[in-house]
Amino acid sequence: MAQTLLWLIIAFVTLEFIISSVLSWLNTKWMSHPVPPELEGLYDEEKYRKQQEYMRTNKRVSLIARCVSFAVTMIILGFGLFGWLDNQCKAWTSLPVLQVILFLVIFNLFNTLIALPFSYYSTFVIEERFGFNRTTHKTFWLDALKSFAVSTVLSAVLMAVVYWLYLTFGQQFWIWATLVVAAFIVFFSMFYSNLIVPLFNKQTPLPEGELRDAITAAIKSFGSKFKDIYIIDGSKHSTKANAYFTGFGPKKRIVLYDTLMDKMTTEEIVGVLAHEFGHYKHRDTFKNMFISIAMVAVNLFIFSLLVSNPDLPAALGGTAPSFILALVAFSLLFSPIDIVLEPMTSAISRRAEYRADAFATEHGHGEALISGLKKLASHALSNLTPHPLVVWYSYSHPTLAQRIRAIKQLSN
Ligand SMILES: [Zn+2]
């Protein structure tokens, strides 16, 4: 049975690899498609050549990254290295919770080391060559260290608690684990800007001046007293610009990149802000939080039915019952569910984006938003002709042409 499970896992990992490769190939094939009429003139001829070159370069690197990750996964599965690591951790310490944490830390470290060369190359070779990079070497290494530390500490704490719940409550642990993970998700959705962002960026309240006056007037016209607008020093990392809405309750805020300021007019920034405010009005943070928690609950429930099955650890080369090996095997075996869920969550996210655009448009900021989005896309050398299947499967935002069409339709 363990052998069959291993073959199933290998088949699923291969399937995922094939799907992502096909999607990427479709996008590359679609590159030469004519630009949608809404976006004509966004790039002049020379800039369009540069955009196509940027996309080709990125495709090549992500293809190599994908192949490396696939090959490494196959080696790990083929040689039963997960089982080997689990045995090593058990030899190092006799404390069960510590064994699980050790496994997780080494696994995280390994993943980080595999990904690091690609992110280094992407930052200092590709982004640099196309004029986007603002990251210094010092910032790059410090960020890598900090994100490894934060993700490892958080996942280790969470894993330790979940494992402890399993040791205490047996198969019923999933109910308590869902509550703990839910609390964790709610806490970090709320305090993300206070606890995580400051490790990597500086945020300052929007200073007095013309922009602040315009934004305050716009928010007043939405019938709200919302005043938590912050500027983030995105320029520390890249010249690309962005804006987002985050948090809820007393910790909600709209964050604008400082790189937005030197590219956009005040009207355009207000247009982008109106879109972000639309997310707030439609309670999108809550909806996303609810979806994540529901998915965690379903996953933990199914996992609780399989956790004590000895075939799960054995499929990964384990020689004894192991919670962490069962969890890894479970997540690999259920990856086809993610393949089915991804287009669904993408569709939900795109609907929220359309609604946020509609909010901005209904409040008279449609034209400014279009003009702002165009500037962002043009500066970031965005792909104007993604393949429809790729959009359907994985795009969290509608394409620029789709957004412009929807905004124009609403304004008429
Ligand atoms: Zn949005």
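Let me know the shape class of the range 76-121, please: from the alpha-carbon gyration tensor, a ≥ b ≥ c as square roots of the eigenvalues, rounded when a/c is under 1.5, otherwise prolate if a/b is greater than b/c, or oblate.
oblate
Which FRET efficiency, nearest 0.05, do ARG405 and SER224 yield, Cβ-Cβ r, R0 25 Å?
0.30
Hey, could you pull the Cα Rg and Dmax for the range 147-229, both in Å?
Spelled out, the Cα radius of gyration and Dmax of the range 147-229 are 19.9, 60 Å.
Below 8 Å, C-alpha to C-alpha, sequence gap of six or more: please give me the relative contact order for the chain in percent. Numbers along the way, then the final one.
Values: 465 pairs, mean separation 99.4, N = 412.
24 percent.
Quick one: give the max-minus-min coordinate of the C-alpha atoms of the chain along each principal axis, largest first, in Å.
Over the chain, Cα extents along the principal axes are 65, 47, 42 Å.
Give me, ordered by chain and number, the residues 5 or more places off SER238 or on other chains with an amide H under 5 Å from its own placed amide H.
Answer set, sorted by chain and number: ARG134.
Compute the longest continuous run of the chain that contains no exposed GluC sites (Glu not before Pro); treat a site as exposed when its DSSP state is not H, G, I, E or B and it has at most 15 other Cβ atoms within 10 Å.
209-412
Return the whole-Å distance between the Cα centroid of the range 177-226 and the Cα centroid of the range 286-300.
22
Under a cut-off of 28 Å between alpha-carbon atoms, report the lysines in cross-link reach of LYS236, not counting same-chain residues fewer than 8 places apart.
Of all the lysines, those that pass the test against LYS236 - Cα under 28 Å, at least 8 places apart if same chain - are LYS47, LYS50, LYS59, LYS138, LYS146, LYS202, LYS227, LYS251, LYS252, LYS263, LYS374, LYS375.
Which value results when the Cα radius of gyration for the range 254-412 is divided by 2.2 N^0.38 Å?
Compactness ratio reported: 1.40.
When the Kirkwood hydrodynamic radius is evaluated over all pairs of different C-alpha atoms of the range 141-189, what value in angstrom, to one decimal, is obtained?
With all distinct Cα pairs of the range 141-189 included, I get 11.8 Å.
In whole Å, what are the Cα extents of the range 224-322 along the three principal axes, biggest one first?
63, 32, 19
We did not get these values from a lab; they are worked out from the coordinates using the rules stated. Note that this is a predicted model, so its numbers are computed, not measured. A quick note on method: Cβ atoms are made from the backbone with ideal geometry, for glycine too, and the neighbour counts reach across all protein chains shown.
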